[in-house]
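J.: First, the structure itself, so that you have it in front of you.
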Protein chains: 2
Amino acid sequence: MTIRFESFFSAQTRLMRASEIRDLLKLTEGRDVISLAGGLPDPETFPREEIKKILEDIMSNNWREALQYSATAGVASFRKELASFSETRGIKGQGVSNVFVSTGSQEALFMIAQLLIDPGDYVIVESPTYLAALNAFRTRSPRFEGVPIEEDGMDIEVLESKLKRIKAEGSKVKMIYTIPTAQNPGGVTMTYQKRKALIEMASRYDTLIVEDDAYGHLVFEGESPPAIKALDKEERVIYTSTFSKILSPGFRLGWVLAEEEFIRELELMKQNVDLHTSTFTQYIAAEALRRNVVQNNLPRIRQIYREKRDVMIEALQDNFPGDTKWSRPVGGMFVFAWVSQKLDTAKLLPTALERGVAYVPGSSFFHDFSGKNTMRLNFSFPTKEQLKKGIQLLGSLLKEFS
Amino acid sequence: MTIRFESFFSAQTRLMRASEIRDLLKLTEGRDVISLAGGLPDPETFPREEIKKILEDIMSNNWREALQYSATAGVASFRKELASFSETRGIKGQGVSNVFVSTGSQEALFMIAQLLIDPGDYVIVESPTYLAALNAFRTRSPRFEGVPIEEDGMDIEVLESKLKRIKAEGSKVKMIYTIPTAQNPGGVTMTYQKRKALIEMASRYDTLIVEDDAYGHLVFEGESPPAIKALDKEERVIYTSTFSKILSPGFRLGWVLAEEEFIRELELMKQNVDLHTSTFTQYIAAEALRRNVVQNNLPRIRQIYREKRDVMIEALQDNFPGDTKWSRPVGGMFVFAWVSQKLDTAKLLPTALERGVAYVPGSSFFHDFSGKNTMRLNFSFPTKEQLKKGIQLLGSLLKEFS
C-alpha cells in the first residue's frame, strides 16, 4: 500500500495544474512528427571546436577551481566578462557588482518574480509574450495587464492609459515586463523612440522595467537598437539575457544586470534556491567570451536563422489559406500566425499531431489566454526540408478546417 | 538620481535578512585566514583524468545533445544510471520515473519545501541540522520542532513524544527532515534499528520523511546502513543526494528518488524555476557513473577524509581546553564542537578571524538558534598543515576567553 500525496501538498501546489498542451506535445517525443513547437537552437550554431579547445585548457589549467563550489552571484571572472559584453548592447558603466549569474534566464525571471511581486500586484506584460515568463510570474499570483504589440513594439498609448488608470485607482504597477528586441513570440523590435518613451513613462509612473533581451544578439534584419537598459539613468531597468541562443542552452547560463542592492537580494534568494550556478559551465562561457568565440559566432547564427525564416515565410505564402496573417520576424526563432477566427488552434492540435506536425497554440502566450486563433511556429531547429513539409501539412489542415 | 528599491520588494523579500555571519565570513575571502568554515571537498578527490577523457568523448560523440536543451526531470540516460546507482545504498526497484535531477541537492530541498509546506505547518528537524536546509524550509514559514541527535542518530523517543503531542493538538507533521548517515554537522550515523523505528513511526503518525543522503557514500568508519528509502514500503520517503561530494560540486547536480506523482509535481515546479539542470554536466556525470568512475573513486575519497579527520581530532585533543567536547565523525566532512557554556561562538568569531582562523558558529545549525556555545569545523578542504595550525589558533583563543 502506498500513500496518497494529495493531503501533503501545500495549498500553492494544489493550485498548479499540469498543462494539457505540454502533455500532448510530450507525447510526440520520439514519434515521427515535425515539431514547429520547440524553441531549440540549431545545433549547427554550437561552436563545437572552440568549446572542445576551451575544455582542454580548463582541464589543464583551472580544473581545481572549475570543478569546485563557487560564489552565489557567479564566478568573478565571468561576471567581469559579462559586464564588458553588455557594451555590445550599448550598456555601459556596469561593474562586477551589477552582474548576477543565473541558471538560465528562467531562474532570473523566477527570482525577480519572487523578489518583487506580492499576490494581487499589477504586472504589465506584452500581449502576446513569453509563456515561461508568464508561468514564472504566476507563481506569485499577480494581476496581469496586457499591452498589445505593434510592428514597432509595444503600443505605448495603451500602456500609458493603463498606467494612468492604475494610478487613479491609487495602485502602483510593480513592473513592466518587455522583450523589446525580436520579441517572442511576436518577432517585432521596439524602436529607439518607443524605448525612450517607455523609460520616461516608467519614471513618471514610478515603476520598474524587466527587460528580457534573450534575442538582442539575434537580429538578422535591420537595426538592433541599444537595450532599454542603455537608456536607464535611474536604475529602473532589471535586464536579463541568456547564453541559450548564442552559445549553448545545455550550459544553463543566464545573467542579470541591475542596481547593486537588487543584485544582493537576488544573491540572498539564490542561496536558498540552488546555492550557485554550475561553476564548470561558467568557466566555459567566460573563456568563450574572453576568446571572442561568442562574438565571432553571432554573424553565422544570424545568417542561418535568416535563411530558415525565409524558407518558412515562403512556405507560409505557398500553403496557408488566404485569411491567415503572420509576422515577418526581424530576429529570433519564431513566426507568430493568426488563422481564421473560426478556428481554435488548441482544439486543432491533436489532429495536427496525427498528421505529423506540431506547433504551440498561441493562447498560451496571452496572459488572459485569449488569441485562440493564433499559433507559434519555430524555424530555428527544424531542417529546411522539415520546415517546408511541416508548413505544407499545417496548410492543408487549415484549409480543410477553415 | 537612482530609485530606492525598498518600496518595490515583496513582503516576503522584506522579511529576508542578510546573515551577519555570512557577511563576516565573506570578508575573509582572499585574506590570509585558515578557513574551517567551508564545506568544500578536497580538489584532490576530483577524478580529473577520467573527466578529461569523458569530455573528449562527449565532444566527439554526443555534443549535439549535450549542448542542447533537455527534459525538465533530467536526461533520460542519467536518470537510468541514477536508478541503478541507488542500489549501492540498498534502494531497489526504482525506475526512471522515480528519479528527478536537480541543480544541486539545494534545489531539491527548496522545491520539496515549496511543494509540501504551508505557512505554520509542522516540520521536524534534527537538532543540530544542515543550515542551508533550514533556510530553504524557512522560505515557507513552517513551525519547526527539533529532535536532538545521539551517538546512534535521532532521539527516537523525543521524536515520538513530539509526534504524539502534535497529533493530540489535532495537527499533523508535514515532514521529518533527517540526514541519517554521517549527519551534518553532528557526524553520527543512525543505526538500522532506529531507521526501522523511524519509518514505522512515520507510517503510524501519517507523515513524510525527507532523507538527505549527501554523505551516504562517505562513511569511512564502521558500517553504512542502507538508506531509510531502502526500507520504505509506502513511498513515504523522499530521498535526495548530491554529486557535490562524490564527483564535483562545480557540476551542480543533485537528485531525488520518490513516488512518481511527487516527481511529476517537482517537474511542474522546475519548469518555472529553471526549466532544467545543465544538460552538459548531466552527460558528464552519467558517463562517470556508467564507467564506474564515481564508484571506483569512493574508497580514495574516504581514505583522504579519514586521515584528515584523524589530524583534526588529534589537534583538538592537543589544543582545545579541557571543558570542550567534540564529535568523532564516522563520515562526512565536519567535526562539531561544544565549548565552554560561558562562550558565545558567534561573538567570538571576529576575534578568531583577526587571529587568522574561521569556523561556523553552531547556532546557525539549530532551528531555534540555540547552541550558542557550539561550532562546526571542516576538515575536508584545508591541508593537514592548515588543520593543525587552525586548531592551534582556535585552541589558544578558547583558552584565553574561557
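J.: In whole Å and largest first, what semi-axes does the C-alpha gyration tensor of chain A yield when each eigenvalue is scaled by 5 and square-rooted? If you can, show how the numbers build up before the last one.
T.: Details: eigenvalues 202, 146, 109 Å².
So the three semi-axes of chain A are 32, 27, 23 Å.
J.: Here's something else I'd like to know. Please sort through the DSSP H helices of chain A and keep those with an alpha-carbon extent of at least 20 Å along the long axis and a Kyte-Doolittle average not below -0.5.
T.: Taking the DSSP H segments of chain A (at least 20 Å long, mean hydropathy at least -0.5), we get A:384-401.
J.: Scan around B:Val237 for amide H atoms under 5 Å from its own, H built in the peptide plane at 1.01 Å from N, and keep only partners 5 or more places away or cross-chain.
T.: B:Ile209
J.: Hey, another quick one. Computed FRET efficiency, Cβ-Cβ of B:Ser141 and A:Glu314, R0 60 Å: what is it to the nearest 0.05?
T.: Working: r = 56 Å, r/R0 = 0.94.
E between B:Ser141 and A:Glu314, to the nearest 0.05, is 0.60.
J.: I would also like to ask the following. Suppose a student asked you for the relative contact order of segment B:109-160, using Cα pairs under 8 Å spaced at least 6 residues apart; what percent would you report? List each step's numbers first, then the result.
T.: On the way: 63 pairs, mean separation 20.6, N = 52.
With pairs under 8 Å counted, the relative contact order is 40 percent.
J.: Also: Report the relative contact order of segment B:1-148, percent, no decimals, based on alpha-carbon pairs under 8 angstrom and at least 6 residues apart. Intermediate results must be reported in sequence, preceding the final value.
T.: Details: 81 pairs, mean separation 20.8, N = 148.
Once normalised by length, the contact order is 14 percent.
J.: Then there is this: Please list, by residue number, every one of the trypsin sites (Lys or Arg not before Pro) in segment B:119-213 that is coil in DSSP and has at most 16 other beta-carbon atoms within 10 Å.
T.: Numbers: sites: B:Arg138, B:Arg140, B:Arg143, B:Lys162, B:Lys164, B:Arg165, B:Lys167, B:Lys172, B:Lys174, B:Lys194, B:Arg195, B:Lys196, B:Arg204; in loops: B:Arg140, B:Lys172.
When the trypsin sites (Lys or Arg not before Pro) of segment B:119-213 are filtered for loop state and at most 16 Cβ neighbours within 10 Å, B:Lys172 remain.
J.: Something else: For Cα pairs less than 8 Å apart in space and 6+ apart in sequence, what is the mean separation divided by the residue count of chain B, i.e. the relative contact order in percent? If you can, show how the numbers build up before the last one.
T.: Values: 721 pairs, mean separation 95.3, N = 402.
Value for chain B: 24 percent.
J.: Next question, about the same structure. Starting from the Cα of A:Ser396, move 7 Å in the Cα-to-Cβ direction to define the label point; list residues of segment A:346-378 whose amide nitrogen is under 16 Å from there.
T.: A:351-358
J.: What GluC sites (Glu not before Pro) does segment A:169-228 have in DSSP loop regions with at most 13 other beta carbons within 10 Å?
T.: On the way: sites: A:Glu169, A:Glu200, A:Glu211, A:Glu221, A:Glu223; in loops: A:Glu169, A:Glu221, A:Glu223.
Qualifying residues, ordered by number: A:Glu169, A:Glu223.
J.: In chain A, what % of DSSP beta bridges are antiparallel (nearest 5)? Could the numbers behind the result be given before it?
T.: Numbers: 20 of 40 bridges.
Antiparallel: roughly 50 percent of the beta bridges in chain A.
J.: Continuing with the same structure: 222 nm [θ] for chain A, helices only, -39500 (n - 2.57) per DSSP H run of 4+, per residue, to 500?
T.: Numbers: 14 runs with 166 residues, N = 402.
Rounded to the nearest 500, the figure is -13000 deg cm²/dmol.
J.: Sticking with this one: If I take R0 = 35 Å and measure r between the Cβ atoms of B:Glu307 and B:Lys347 in this structure, what FRET efficiency does the formula 1/(1 + (r/R0)^6) give, to the nearest 0.05?
T.: Working: r = 33 Å, r/R0 = 0.95.
After rounding, the FRET efficiency stands at 0.60.
J.: List the GluC sites (Glu not before Pro) within segment B:100-163 that fall in a DSSP loop (any state other than H, G, I, E or B) and whose Cβ has at most 16 other Cβ atoms within 10 Å. Mind showing how you got there, number by number?
T.: Numbers: sites: B:Glu107, B:Glu126, B:Glu145, B:Glu150, B:Glu151, B:Glu157, B:Glu160; in loops: B:Glu151.
Answer in residue order: B:Glu151.
J.: Measuring from centroid to centroid over Cα atoms, what is the spacing of segment A:336-402 and segment A:119-165 in Å?
T.: If you average the Cα positions of each part, the centres end up 24 Å apart.
J.: Just rank B:Phe280, A:Phe220, A:Phe5, A:Phe369, fewest to most, by other beta-carbon atoms within 10 angstrom. Show your work: numbers first, answer last.
T.: Numbers: B:Phe280 29, A:Phe220 23, A:Phe5 20, A:Phe369 13.
Listed from fewest to most nearby Cβ atoms, that is A:Phe369, A:Phe5, A:Phe220, B:Phe280.
A short reminder: the numbers here are calculations on the coordinates, not readings from a lab. Here the structure is a predicted model, which means the values were calculated and not measured. Every residue, glycine among them, receives a Cβ derived from its backbone with ideal geometry; neighbour counts consider all protein chains shown.
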